[in-house]
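A short write-up of the structure that comes next.
The values are calculated or read from the model by the stated rules, or taken from the named source; none is laboratory data. Here the structure is a predicted model, which means the values were calculated and not measured. Glycine also receives a Cβ, built like all others from the backbone with ideal geometry; neighbour counts cover every protein chain displayed. Ligands, DNA and RNA are excluded from the accessible area calculation, which covers all protein heavy atoms including side chains. Shrake-Rupley method; radii C 1.70, N 1.55, O 1.52, S 1.80 Å.
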Amino acid sequence: MTAPAQRLVLASVHDVSPRFEGEVDRLLDLLAPHVGSRLAMLVVPNHWGTAPIVPGSPFATRLRRWADSGIEMFLHGFHHRDDRRHERRSDRLRAQFMTASEGEFLGLDRREAADLISEGRALVEGVTGRAIDGFVAPAWLYGEGALAALGDADIKLAEDHWRVWSPAEQRTLARGPVITWASRTRARLASSLAAAALLRHAPLSVLRIGVHPPDCRHQALVRSIDRTFAAAGRGRRAGAYRDLLN
Ligand SMILES: [Zn+2]
């Protein structure tokens, strides 16, 4: 007899970079009672062009230890900043108002996206000594060039706000919104608290929860994150994204 399929909670820490080392530590402490080291890190090779991950540096050593402990490693853009002027008005609006210009992979063509994926992947894989588990675009925004480049690069796992898929296998692996928090404005902070309070009870077979470094600076968000993991953990086990491939 086969065991019943178990529901999963997938945790991720975004924007892992030397820029946010202290915040990442606080988030790991917050998540540990709920998921241990069963989580994914979204790693930015050189955040805003001013926080490079340097092979051999103390931060690089920590990244390797985190990977050794079983934490999944996703490449998360390269600079995490959208420096381009978008041709299409809808893309321009999306880039400016939805993401505070963090949608780095929205306006890249196939070649540009491929180059950044290849360079970032080589860096992260060199530092951790293992293959990356996948790629997640900054702000979960993918342009057509980025989507084509992910397929070319044989990336096993990717996600956006609404689903997890395999670019390599060209199939969707899980559906449902990711629970995440925003703190850029009071209105966003309030609406993200309300959304989390609802979504953590959603009857999804795979519940994704993504946290960002600035979250830990707001007590209300820290409380909401803690409650969300506690609620999500009832009837779910902490899983890995790679579990979805089997
Ligand atoms: Zn990010």
Just the Kirkwood number for the stretch 115-246, please: inverse of mean 1/r across all distinct Cα pairs, in Å, one decimal.
-> 16.3 Å
When ligands, DNA and RNA are left out and all protein chains stay put, how many square angstrom of accessible area per residue does the chain have with a 1.4 Å probe?
-> 47 Å²
Inter-centroid distance (Cα atoms) of the stretch 161-240 relative to the stretch 1-77, Å | 16 Å
Percent relative contact order for the chain, counting Cα pairs under 8 Å at least six residues apart, stands at 25 percent
For the stretch 1-55, what is the per residue volume of the convex hull drawn over the alpha-carbon atoms, in cubic angstrom?
-> 111 Å³
Share of Cα-Cα pairs in the stretch 43-82 beyond 14 Å, in percent?
-> 51 percent
Please give the residues of the stretch 191-221, grouped as numeric ranges, whose backbone N is less than 12 Å from a label point set 7 Å along the Cα-to-Cβ vector of His161.
-> 192
Pair Arg62, Ala122: separation of 7 Å Cα→Cβ label points (nm) | 2.7 nm
With all protein chains present, the stretch 152-229 has a carbon and sulfur share of its accessible area (1.4 Å probe) in percent of 53 percent
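Quick check: at a probe of 1.4 Å, how many percent of the accessible area of the stretch 1-73 sits on carbon and sulfur atoms?
The computed percentage sits at 55.
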Where Lys and Arg each count +1 and Asp and Glu each count -1, what net charge lies around Gln6 among other residues with Cβ under 14 Å from its Cβ?
-> +4
Dividing the mean separation of Cα pairs under 8 Å (6+ apart) by the residue count of the stretch 124-246 yields a relative contact order in percent of 18 percent
Calculate, for Ser69 and Ala194, the FRET efficiency according to 1/(1 + (r/R0)^6) with r their C-beta to C-beta distance and R0 41 Å; round to the nearest 0.05.
-> 0.75
Extension gain, Gln219 back to Gln170 (0.36 nm per residue minus Cα-Cα distance, nm) = 13.6 nm
What's the Kirkwood radius of the chain in Å, using all Cα pairs?
-> 18.2 Å
